[in-house]
């Protein structure tokens, strides 16, 4: 992919975001249920409901509501949450760091497990161990992340209580995070008790998200490695006397990472989306947990802000993956 195409991808991000905004805005307004009627008391009169609808601009036409919202969104104002009575931007900014840390930790685990599994399978090719690894990756791929989460809660949190399975920190730990990035900030501030507690609380949620992605990375990377190992330069390396594991790690891996990296980048966007259920299961105060509450309460401004944030993350990750591919493979630059 030439660099000019990467630039066009950046330009296409704006109409993509606009399309996401239009679709979400319209769907939320045509869906059944009145958010004002859900939040107001049972003794409210019709005049009370009309007055509250006017406060949130829900008494206007659909086109007028969209025009107002689009003008505000361009300036970074995503409205005010109906249920929490706070600016959507501040609510999203407070919850997003934990979701990013959870997703990044899950991606790191998935890459380590995926690359290690693929290398082991190729190193053992032709042996019974290879068939065992292939069967294991197929089994792991077939199970969604939330089922891994439920299994962890049952076995590691209830039957064998070796890991905490609810919340972010132990109840006796107090930590006033300034940035929201609890893992990173606790290390910088030397609060290793906070870092250890948060890491233990995030361990199984991150692993639940990582396992299906790790299995997919392993399968794709294994196929790519087998293709690379058939190249002439690999034969030359073997003739020079390099051992099989040296050839695999030092010669083949770099050139085989492209397809696996692309897969990891694309699937990372789905991994971020998977935090919605995982955060709810484990009681983590992240953006995904808040998204479910917003949908249940029909909090239209908050839902729109969260969806737009996820869309920005998806677009940013995909463009970032393209840039990394261009960096690793000069042949794509044109």
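Numbers at a glance
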{"item": "One residue from 264, 206 being modelled with pLDDT of 90 or more and either closer than 21 Å to residue 105 by Cβ or in contact with a helix residue (DSSP H, G or I) (Cβ under 6 Å, 6 or more places away or on another chain) (or both)", "result": "206"}
{"item": "Qualifying residues in segment 178-195 (those that are in contact with a helix residue (DSSP H, G or I) (Cβ under 9 Å, 6 or more places away or on another chain) and without any contact (Cβ under 8 Å) to a residue 24 or more places away in the chain) - the one nearest to residue 282 (Cα to Cα)", "result": "195"}
{"item": "Failed item in (1) part of a loop (DSSP other than H, G, I, E, B); (2) surrounded by fewer than 18 Cβ atoms within 10 Å (Cβ to Cβ); (3) without any contact (Cβ under 8 Å) to a residue 60 or more places away in the chain, with residue 167 passing the rest", "result": "(3)"}
{"item": "Matching residues in segment 273-309 - criterion: being on the phi < 0 side of the Ramachandran plot, modelled with pLDDT of 90 or more and not in a helix (DSSP H, G or I)", "result": "284, 285, 286"}
{"item": "Scan of segment 151-164 for residues that are surrounded by 13 or more Cβ atoms within 10 Å (Cβ to Cβ) and either under 17 Å from residue 283 (Cα atoms) or touching a helix residue (DSSP H, G or I) at 6+ places or on another chain (Cβ under 7 Å) (or both), ordered by number", "result": "151, 152, 153, 156, 157, 163, 164"}
{"item": "Only one of 94, 51 that is at pLDDT 80 or above, under 15 Å from residue 290 (Cβ atoms) and part of a helix (DSSP H, G or I)", "result": "94"}
{"item": "Residue within segment 48-66 that is within 29 Å of the chain's Cα centre (by Cα) and closer than 26 Å to residue 14 by Cβ present", "result": "yes"}
{"item": "Residue in segment 78-85 that is modelled with pLDDT of 85 or more, in a helix (DSSP H, G or I) and touching a helix residue (DSSP H, G or I) at 6+ places or on another chain (Cβ under 8 Å) present", "result": "no"}
{"item": "Condition met for residue 126 (part of a helix (DSSP H, G or I), farther than 23 Å from residue 263 by Cα and out of contact with any helix residue (DSSP H, G or I) (no Cβ under 7 Å at 6 or more places or on another chain))", "result": "no"}
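The values are calculated or read from the model by the stated rules, or taken from the named source; none is laboratory data. Bear in mind the structure is a predicted one, so any value in this text is a computation, not a measurement. Ideal geometry is used to build each Cβ from the backbone, glycine not excepted, and the neighbour counts take in all protein chains shown.
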